[in-house]
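K.L.:
Could you have a look at this structure, given as structure tokens, before my questions?
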Amino acid sequence: MKFQIPIGPQHPALKEPISLRMTVEGEVITDADIRLGYNHRGVEKVAEGKNYIQNIYLTERICGICSHSHSTCFVQGVEKLMELEPPKRGMYIRYLVSELERIHSHLLWLGVAGHEAGFDSFFMYVWRDREIVMDLLEMITGNRVHYAINTVGGVRRDLDEAQKAKILEGVATLRKRSEYYLDLGANEPSFVARIAGVGLLSLEQVISLCAVGPTARASGWDRDVRKEDPYAVYDELDFEVATADTCDVLGRVVVRIKEVLEAYKMIEQMMKNLPDGDIACKAPRKAKPGEVVSRYEAPRGENIHYIKANGTDKPERLKVRAPTLGNYPATVEMLKNGFIADIPLIFAAIDPCICCAERAVTLVSARTGEESVVSTAELRKLALARTKNAPVKRNAVWPL
Amino acid sequence: MRIAAFLPELLRHLFKKPATIDYPFKKIAVPPGFRGTPYLRPELCIVCKACERDCPAEAIEISDVDPAEKRFRMIIHNDRCIHCAQCVDSCPTNPKAMQIDNLHEIAADDRHKLKAEWIYVRAVIKPKAAAPAAPAAPAAEPKA
Amino acid sequence: MAVVRTFLYLLVYPGILFLFVYSTFCEWYDRKVYARLQNRMGPTHTGRFGILQPIADFFKLMAKEDVVPEAADKGLFNVLPAISLAVVTTAGLLLPVWNFDLAGPNWTSFSGDIIVMLYLLSLPTLILFLAAWSSTNLFSTIGGARVLTMLFGYEVPLFLAVLSPAILADSWRLAEIAAFYQAKPLLLIVNIVGFVVAVIAVQAKLERTPFDIPHAETEIVGGTLTEYSGKKLALFRLTIDIEMVVASGLLAAVFLGGFPGGPFVGLLHFIVKTLFVIFLLSLIRAMTSRIRIDQVVSFAWKVLAPLAVLQLLATILLKGFLS
Amino acid sequence: MTDAELIDKLKADLGDRVEIANPARRRLFLKVAPGDLVAVTTRLRDAYGVVLLSTISGVDLGTAFEIIYHFSTPEHDFNLRTEIPRDDPRVATITTVIPGAILYEREVQDMFGIVVDGIPDGRRLLLSDDWPEGQHPLRKDWTHDRPKEVIPGGQS
């Protein structure tokens, strides 16, 4: 029997709206299609009407999980446009937050992968330990999700000795736990049965479909912006690019845990070599006309911001590419010939951040801007009227 | 692969204290420096509008009430506020007129109830010698 | 008088009321154990330690709007929850806690009641399939197909595992099997493999992780129960709770030496032993991740079924040796 | 290979089909005519290992659209730029060379109303189904006025 099943726009496996349309025969997927556009906020258009300071916070809100990555990518570009030389201590703190964010993002993903596989205990334990890094971030920056620590020319908050000690202590605990999860993830039979050999993506496919980040690295494509284009502090740090060659979801789990372990190493180095001095330099409000391409290795892969300045305090054009968008074509390939049961795992394995990928289109107009309270009865009436006008469409086709 | 690889970890935690807390009844303190809700100290505000200009969410609104008396009104739209504290950074006075506290449980059933409003007379910048503690003008009480 | 007694038997103890209270307690216990294994708190607020939470959930669902999809087979869709509840409650009556009188077989304890019990415990699965199929939802349909596929996997190992102690005891009556093992407790050790197989099969029957494939929420939304809401969903959930109690009662009767000691001590035995079995079920649930449907079937036939056959062989050999 | 060496090599190889700028270390901006786009991309892929397309940016210059293809190799970032007239915005697809470009080309189609010739799957990517035809949000002449906030009860 051949039929199409819709995954999304609203589905328990998806934390954000996206639509995956699967054509399945029995339990096997024969074709997959992805449809975006449920989460558009028009960030690129809005950015053209805001000044550089405001845009830091705007870009931060492109993503909730890797918020620091977008704002750092933007700020890096703006600093180049303004020809600023931010002080070293500020840079260390900025990229310290980057690495902490990478840890938090990967642990979050690890928990979600467990949850998608129905391994809820794993999910609970990983997320419990993720609290440690969340608390560290809250302590350093003043908030748990949107850190708002970047400013043009440096960072906004300094670190003191007590905080440094706490970071090192937290990292030591987390390292122990991460090693345990690496061991567990590779040894619990029911979990391994679910993730090994699932969602295969060969190296040739990675290259032709331009996949990025851990998805690509799990297929042996060892590219990492931090290594190949070492921005700011990364050329002073000693780390390795984590790769795996199993090309499946298991490989992606292993790559992410290895990256987390590398991040602990980097944080310890940064804490040891934290220079003294200022944390920020004074920045002008306007940037000279010019253009810059800023790249940043976010937890999910390469972020790229293209900023064009026109001499005012607002950018002429800000183009944002979030890594998830780059992984969608690869996802479609991975889904083909999989089982229905593998959909959430394969899709989750790219660590999709849907609102990241869809940042950039329309301003959702709130029609009149007026708010009114509708009673339940009225709502029901409206819903009934709506159903009557649009009778049940059998075998409805996807409107595309 | 090991059968029941997770078992020791699970049993170890069976009688341990839970990691979660009973939230609305027990709370954990936020760390110092937490960015909560912004508020104004009207006795210090010189109405330079730097905060209004830099606010990414357009949550600060300053308008004239009575130009002759130099009376102004500031509304902080907490329903729009994104708690970035850029207004505090942008504020040029010393001590800062814009402040942020660590209140974070500010939910309300109507977003219009979240607006905070101050009507005040513009402060006059005093020479550096004068102590900043003395309020520059009689301040109006916050109405919100 | 007999009529009143029968009614009390059906409605109060051990009928619907007792099973309702005890099964909600078991759900609370399961949730609490599961939460504590995960270092969480579990339900805390409704009643002391949240003990009334499942009852509160039940009544909340009863009060919710009940939606019947337009394309569904309405008759079947509406009546199935009640039938499944009736079936498992009937199965509950057959447990040898309240029919411990060995000498007097009656309508709730007769030779062959173990077979009836197993049959009654298979029915909810079929009803779940029918419910899924009658709701015509795509996700339900996939869930229904999965329910049946899984049924073929675990049913045979369960039957083999549960029947081998009966063969050793040389009886098809639960009370007599229990009495046999109470007399010779050492023989329980022989059935340990069967017990393990049966616990895993019951886990699959109750559709709990790692066998929660028919309603795997991250794959097929609500699976079999996607379209159910309100009262019908409440009844289905109650069914699953009672099924858990009855199935663990069955395992306790067959593998853990039954419930000796008359009405009160026997009940105590029942509670302790079922809670033990439920603890094992919770542990399995916390320990594993959901596996795929093809993996379930191959696991059932490649691991569970051979183990069950091994158990059967061992039992038969032992029986020949003993006699 | 340093930037200068690479530029010399590219100049010798591609001749005057490209204008090369090098505003920062590792960053190369190559400007080509729209007609040469596919040929240059193919050449870059085959001879220089330029396979990772990061994204495609469009910029509305007022009289023309500028399309920038951001590629990267482990040593260099190639930004291939082409300009097409605003009144007839057509550009050839590069999905024949880089299959992963498909989503970015669809995005450019949505946002700027640029027609990508030969795109294998030209459906809308980001705009909603009921979005009116001919409206392209990232064009500079497309503006959106936010409705003023109205508070029930009248006070503001």
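K.L.:
If you rank A:Asp31, D:Asp60 by fewest surrounding Cβ atoms within 10 Å, what's the result?
P.N.:
A:Asp31, D:Asp60
K.L.:
Then there is this: Within straight cross-link reach of C:Lys232, meaning Cα distance under 12 Å, which aspartates and glutamates are found once same-chain residues fewer than 8 apart are removed?
P.N.:
Leaving aside aspartates and glutamates fewer than 8 places away in the same chain, those within reach of C:Lys232 are C:Glu65, C:Asp66.
K.L.:
Please say if segment C:63-322 is rounded, prolate or oblate, where rounded means a/c under 1.5 for a ≥ b ≥ c the square roots of the C-alpha gyration tensor eigenvalues, and otherwise the choice is prolate for a/b larger than b/c and oblate otherwise?
P.N.:
It comes out prolate by the Cα gyration axes.
K.L.:
Same structure again: I need the phi-derived Karplus couplings for segment A:201-217: 6.51 cos²θ - 1.76 cosθ + 1.60, θ = phi - 60°, integer Hz, Gly and Pro marked x.
P.N.:
For segment A:201-217, the Karplus-derived couplings read 9, 6, 4, 4, 5, 4, 5, 6, 9, 6, 6, 9, x, x, 4, 6, 5 Hz, x marking Gly and Pro.
K.L.:
For A:Thr173, D:Thr93, C:Thr226, what ranking results if the residue with the fewest other Cβ atoms within 10 Å of its Cβ goes first?
P.N.:
A:Thr173, D:Thr93, C:Thr226
K.L.:
Report the one residue of A:Gly199, A:Tyr57, A:Ile267 whose Cα lies farthest in the direction of the positive end of the charge dipole of segment A:38-357 (charges on C-beta: Lys and Arg +1, Asp and Glu -1; origin at the Cα centre).
P.N.:
The residue sitting most towards the positive pole is A:Tyr57.
K.L.:
Cα axis of helix C:2-11 to longest principal axis of chain C: angle in degrees, 0 to 90, nearest 10?
P.N.:
That works out to roughly 60 degrees.
K.L.:
Determine the calculated [θ] at 222 nm for chain A from helices alone, applying -39500 (n - 2.57) to every DSSP H run no shorter than 4 residues and normalising by the residue count; nearest 500 deg cm²/dmol.
P.N.:
-15000 deg cm²/dmol
K.L.:
Let me ask you something else. Identify the residues of segment C:118-140 with backbone N under 15 Å of a label point that sits 7 angstrom from the Cα of C:Lys74 along the Cα-to-Cβ direction, or state none.
P.N.:
Those under the cut-off are C:135.
K.L.:
Output the pairs from A:Lys227/A:Lys308; A:Lys308/D:Lys11; C:Lys205/C:Lys302; A:Lys166/B:Lys16; B:Lys113/C:Lys231; A:Lys166/B:Lys26 with a Cα-Cα distance over 28 Å in this structure; if there are none, say none. Show your work: numbers first, answer last.
P.N.:
Details: A:Lys227/A:Lys308 26 Å; A:Lys308/D:Lys11 26 Å; C:Lys205/C:Lys302 18 Å; A:Lys166/B:Lys16 24 Å; B:Lys113/C:Lys231 38 Å; A:Lys166/B:Lys26 24 Å.
As for pairs spanning more than 28 Å Cα to Cα, those are B:Lys113/C:Lys231.
K.L.:
Other chains' Cβ within 10 Å of C:207-214 residues: what's the mean?
P.N.:
Details: counts 0, 0, 6, 8, 1, 1, 3, 0.
Taking the mean over all residues of the peptide, I get 2.
K.L.:
Let me ask something else. What list do you get for C:Arg48, B:Arg111, C:Arg292 if you sort them by fewest beta carbons within 10 Å?
P.N.:
Details: C:Arg48 8, B:Arg111 15, C:Arg292 23.
Fewest-to-most ranking of C:Arg48, B:Arg111, C:Arg292: C:Arg48, B:Arg111, C:Arg292.
K.L.:
Next question, about the same structure. Looking at this model, which pairs from A:Lys88/A:Lys282; A:Lys2/A:Lys336; B:Lys70/B:Lys115 are more than 19 angstrom apart at the alpha-carbon?
P.N.:
Beyond 19 Å between Cα atoms: B:Lys70/B:Lys115.
K.L.:
Moving on. Among the aspartates and glutamates, which have Cα under 12 Å from the Cα of A:Lys15 when same-chain residues fewer than 8 positions away are ignored?
P.N.:
The reachable aspartates and glutamates, counting only those whose Cα sits under 12 Å from A:Lys15, are A:Glu116, A:Asp351.
K.L.:
Can you list which of the trypsin sites (Lys or Arg not before Pro) found in segment A:52-126 are DSSP loop residues with at most 14 other C-beta atoms within 10 Å?
P.N.:
Details: sites: A:Arg61, A:Lys80, A:Lys88, A:Arg89, A:Arg94, A:Arg102; in loops: A:Arg61.
For trypsin sites (Lys or Arg not before Pro) across segment A:52-126 that sit outside H, G, I, E and B with at most 14 neighbouring Cβ atoms in 10 Å, the list is empty.
K.L.:
From a point 7 Å beyond the Cα of D:Glu19 in the direction of its Cβ, which residues of segment D:73-112 have a backbone N at a distance under 16 Å?
P.N.:
Answer for this model: D:79-85.
K.L.:
If one takes the longest principal axis of the Cα atoms in chain C, at what angle in degrees, from 0 to 90 and to the nearest 10, does the Cα axis of helix C:262-287 lie?
P.N.:
Helix C:262-287 sits at roughly 60 degrees to that axis.
K.L.:
Further question on the same structure: If you fit an axis through the alpha-carbon atoms of helix C:113-134 and take the longest principal axis of the Cα set of chain C, what angle between them do you get, 0 to 90°, nearest 10?
P.N.:
Taking the Cα atoms of chain C, the angle to C:113-134 is about 10 degrees.
K.L.:
Take the alpha carbon gyration tensor of segment D:3-117, find the square roots of its eigenvalues, order them as a ≥ b ≥ c, and report rounded if a/c is under 1.5; if not, report prolate when a/b exceeds b/c, else oblate.
P.N.:
The shape class here is prolate.
K.L.:
Counting only other chains, what is the mean number of Cβ atoms within 10 angstrom of the Cβ of each residue in peptide A:179-192? Walk me through the intermediate numbers first.
P.N.:
On the way: counts 0, 1, 0, 0, 2, 4, 1, 2, 5, 10, 10, 14, 8, 3.
Other-chain Cβ atoms within 10 Å of each residue's Cβ, averaged: 4.
K.L.:
On to the next question. Tell me the label-point distance for the pair D:Asp121, B:Thr20, using the 7 Å Cα-to-Cβ offset, in nm and rounded to one decimal.
P.N.:
3.9
K.L.:
Further question on the same structure: I need the per residue convex hull volume for the protein assembly as shown, using only the alpha carbons, in cubic angstrom as a whole number. Display every interim value, and only then the final one.
P.N.:
On the way: hull volume 210.8 nm³, N = 1023.
Output value, Cα hull per residue: 206 Å³.
K.L.:
In chain A, which whole DSSP H runs stretch at least 27 Å along their own axis (Cα) and average 0.5 or higher on the Kyte-Doolittle scale?
P.N.:
Result, helices passing both filters: zero.
K.L.:
Right, next: Which shape class applies to segment C:194-261: rounded if a/c is under 1.5, otherwise prolate when a/b exceeds b/c and oblate if not, where a ≥ b ≥ c are the square roots of the Cα gyration tensor eigenvalues?
P.N.:
Taking the square roots of the gyration eigenvalues as a ≥ b ≥ c, segment C:194-261 is oblate.
K.L.:
Taking only DSSP H segments of four or more residues, each worth -39500 (n - 2.57), what value at 222 nm results for chain C once the sum is divided by all its residues, to the nearest 500 deg cm²/dmol?
P.N.:
Helices in chain C give a 222 nm mean residue ellipticity of -23000 deg cm²/dmol.
K.L.:
Please enumerate, by chain and number, the aspartates and glutamates with C-alpha under 17 Å from the C-alpha of A:Lys80, excluding those fewer than 8 residues away in the same chain.
P.N.:
A:Asp229, A:Glu291, A:Asp313, A:Glu316, D:Asp77
Rule-based calculations on the coordinates, nothing more; no lab input. Because the structure is a prediction, the values reported are computed rather than measured. All Cβ positions, glycine included, derive from the backbone under ideal geometry; neighbour counts span all protein chains shown.
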